[in-house]
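Below is one structure, written out as structure tokens, with a few remarks after it.
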Amino acid sequence: VGRAHPSEEKKGEIRELMAGLGYLETMPFTLTNEKAHFQWMRRQSAPECAGAVHVLHPISELHTILRTSLLSSLLEIFAMNQHHPLPQRIFAAGDVVVEKKTRMHLAMASIHSGANFSEIRSAVDAVLGELAITTEIVPSQDGALLPGRGGDLLAGDKKIGCFGELHPQVLRSFGLEQPVVAL
């Protein structure tokens, strides 16, 4: 008798939670490129860069690596949907590949003129509370985030994520004109 894999059950729980928070689900491509994924995100020296899995014979410059995070894909979706009214709140729950290991990640982002740290912090608190994940929040050094307006989520000694207001240079790289907050 078949049944859902535990990871799919967890994704279902996350989908229900995110819909309750007012976010729409997206399913971005697994393949991406170094420019959008690292350079535009101001993450050229991030640990994920060294662990990116490259496609041996890519058929396009747009699909040269397997994604190591979901956030740049959400920003690409915002860029393609600028003609739609704001606010836009989207999320993705899916696999990423780092150092040849597949892991499930969650990313969420919100774009509108009033997007700020308080908005994403309250959403992060809701997600962590509902999933019963205990973390410590410390200031983030992630280049994609505005200095002083981002936090890293630590579970024990391990960084499990980051959140905050995205840096204006990141927004310009993706052609976005409104503030974006993300996890």
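The values are calculated or read from the model by the stated rules, or taken from the named source; none is laboratory data. Quick caveat, the model's predicted, so the values are computed rather than measured. Here the Cβ is made from the backbone with ideal geometry for all residues, glycine too, and neighbour counts use every protein chain on show. Just so you know, the surface numbers come from the protein's heavy atoms only, side chains and all, with ligands and any DNA or RNA stripped out. Shrake-Rupley method; radii C 1.70, N 1.55, O 1.52, S 1.80 Å.
Below 23 Å, Cα to Cα, which lysines can Lys10 reach? Residues fewer than 8 away in the same chain don't count.
Leaving aside lysines fewer than 8 places away in the same chain, those within reach of Lys10 are Lys100, Lys101, Lys158, Lys159.
Considering only Pro168, Thr135, His63, whose Cα is most displaced toward the positive end of the charge dipole of the chain, charges sitting on Cβ of Lys, Arg (+1) and Asp, Glu (-1)?
Farthest towards the positive end: His63.
With +1 on each Lys and Arg Cβ and -1 on each Asp and Glu Cβ, how big is the dipole of the chain about its Cα centre, in debye rounded to the nearest 20?
Roughly 260 debye, rounded to the nearest 20.
Can you list which of the DSSP-assigned H helices in the chain have a Cα extent of 18 Å or more along the long axis and an average Kyte-Doolittle score of at least 0.0? Kindly include the intermediate steps, with their values, before the conclusion.
Working: long enough: 6-20 (21 Å, -1.17); 117-130 (20 Å, 0.44).
Those that clear 18 Å and a mean of 0.0 are 117-130.
Determine how many Å³ per residue the convex hull of the Cα atoms of segment 1-109 encloses.
On the way: hull volume 15.4 nm³, N = 109.
Expressed per residue, the convex hull around the Cα atoms of segment 1-109 is 141 Å³.
So, for the chain, what is the accessible surface per residue at a probe of 1.4 Å, expressed in square angstrom?
On the way: 10240 Å² over 183 residues.
Solvent-accessible surface per residue comes out at 56 Å².
What order do you get for 11-23, 115-127 when each peptide is scored by the mean count of other beta carbon atoms within 10 Å, highest first?
Values: 11-23: 14.9, 115-127: 17.1.
Packing order, densest peptide first, comes out as 115-127, 11-23.
To one decimal place, what orientation-averaged projected area in nm² is obtained for the convex hull of the Cα set of the chain? Show your work: numbers first, answer last.
Numbers: hull surface 47.2 nm².
Approximately 11.8 nm², given one-decimal rounding.
Summarise the accessible area of the chain (1.4 Å probe, protein heavy atoms) by the percent that is carbon and sulfur. Intermediate results must be reported in sequence, preceding the final value.
On the way: 5560 of 10240 Å².
It is 54 percent, rounded to a whole number.
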